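First the structure, in the form of structure tokens, and then the observations on it.
Bear in mind these aren't lab numbers, they're just calculated from the coordinates by the rules spelled out. Everything numeric here is computed off the predicted structure, so don't read it as measured data. No Cβ is skipped: glycine too gets one built from the backbone with ideal geometry, and neighbour counts run over all protein chains shown.
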Amino acid sequence: MKRHQLAVFFLLLCAGTFGWLTVPRLLHAQSTPVCPTSILLDLSRAASTCFRLETGEICAGNGSISASGFDSEVLMTQAGDRADLSAVNLLSVELTEDDLGIATLSSYDGSGPFPGAFTLVAFGAVTLTNQVTPLPTLDAIAIGSVNIRNAPAQDAAIIAHAGVNDGLVVNGRSNDNRWARVAVPREHLFGWASVDVLNIQGNLLTLELAIPEQPVLDAFRVFDLATGADAACDEGLPSGILLQSANNEQSALMQIGGTRLEVHGTAFVTAQNANSYPIVHVLAGYTVIYTEAFDLIFVPAGGVNRAASVVPFDTASVALLPVQLLPVSIRLPAAITEADIAHLTEAYLTTLATAQATPTPQPTADPTICRRVTRGTTTLYAGPGDFYEAINSLNAGVSVTPIIAASDPDGRTWWQLTTSNWLLASQIRETGLCPDVPRTQNITPPRNNTLSLETCETTNGPLRAGQQVTIQFTPPAFDNWGEARDAVSIDPGRISIGARTYRAQATSPIRLGTADDDERYLRTFYIVWNAVPGTHRIVGDRLSYEPICTLVVPVG
């Protein structure tokens, strides 16, 4: 190689070497904050730890976390712990030199003034206080077919059913104590059931007097928030909570401190303490803030509320927020201007006013066409009488087509529909020219029935000769699984009909209660009897429990 070529090569090598030494310092000086590897590992660990979070559950994802109940019992202390959301009163996550505290909760769908499900991710230095205290409850078992209604009235709409021997949880009572507010099995809904078809384990009067118009609030639907000033990742990851509504598209309403929020998408929220005004950075969709004066503040994506105004925020300030921990992935919003905020706010208010002012068009009806519609919420029964099993209900204004008519013992007219169910003819409004409904006297009774020895009542109309009748009784609850399991070995139970005694069968143990340290079990003892005409004295017997009924099965 020639001498001048060696010189050039040496100069290039030196330039490259010194450049490699100096460039990182220059880049570090000009770059945005970055998260160290330890924080990235914390976020990854939290994502895997709280994977597949169940509705109504809270999960400790990473770092220093504590959760306590309303009686100060410890519920969570370390990453991986999970707890029932309704049991948690106080949740704290901490930011230390070694760890980023992270916790995630998934709310129920909500009802009443606070509908909509949401996911909440707390990280850094955050304290959440759940202001929804759990209601006192009693366990109950269905001694017949239970129709759960949306109000404590026989004509209220049926929202769910519970079968014989189903376990239910009761958390309230009506003013006349004839109805119990129950949790709908397998759904986070509440309705009303008649106490006549419930075997309630305890004194109903110990429960609160429930007002039908007031919904049962979900856990963490109203909560206090306090976020610390500490931040991770070179001050680029502030402490706070991420809120995301279902699918990042629906609305979820909640109250933080004294401020009501409607989150329609994703938002990052901080608050100095429980009495301070929450600061909301909207990352996707929009959020509506309702102030104490009932004025609303509309915050679009890219905006943040400052007192009563909304201003744009620098997207770099939220670039390190752990949005990857949310159920739905989002992209951080593009920068917007104050003019954009004004335009979006005006469009939202216009849409809101139009929706409130536009009346629903009413169709016109041909006055000569026969129409039969329900006057109000109407109960459907298995036979022509309200002593038959209630099957379902129809809302007001539903069109029906009766096929035959029959009368009950009180002379009331009942119509059978094409679905085979029956309803009171007086519950139907007729318009137009309607033909008479054919009447019959021959009503085939149901083939099966169930008789509870606690109430001496059947669930599917009066007893009829030839019916297959399940006769049953349910002794008081057993204190644990072992007692319930061994109950048949200790005393299998008997049911006597007149002078004849039958050995009873027993259902599998039915668990009552929701707390692990308060498990109790019920077992129902029963026989199946082919009903014959006559007067029958029926006695259940197991240990000291002995319910007695005397019933008449008519001829024919």
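Data overview
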| quantity | calculated |
| --- | --- |
| Degrees separating the helix 37-49 axis from the principal Cα axis of the chain, which is the longest one | 10 |
| Distance from the range 314-329 to the range 108-161 (C-alpha centre basis), Å | 31 |
| Burial ordering of VAL400, VAL528, VAL182, fewest other beta-carbon atoms within 10 Å first | VAL528, VAL400, VAL182 |
| For PHE118, residues with placed amide H under 5 Å, excluding near neighbours | SER107 |
| Rounded to whole Hz, the Karplus (6.51, -1.76, 1.60) HN-Hα couplings of the range 146-152, x for glycine and proline | 9, 9, 8, 10, 7, 7, x |
| Long-range Cα-Cα pairs in the range 413-541 (distance over 24 Å), rounded percent | 50 |
| Mean Cβ neighbour count within 10 Å, used as a protection proxy, ranking 309-322, 372-385 highest first | 372-385, 309-322 |
| Cα Rg, Dmax (largest Cα-Cα span) when computed across the chain, Å | 32.7, 127 |
| Using alpha-carbon coordinates, inclination of helix 3-30 to the longest axis of the chain, degrees | 50 |
| Three-way shape label, the range 83-186, alpha-carbon gyration tensor, a/c 1.5 | prolate |
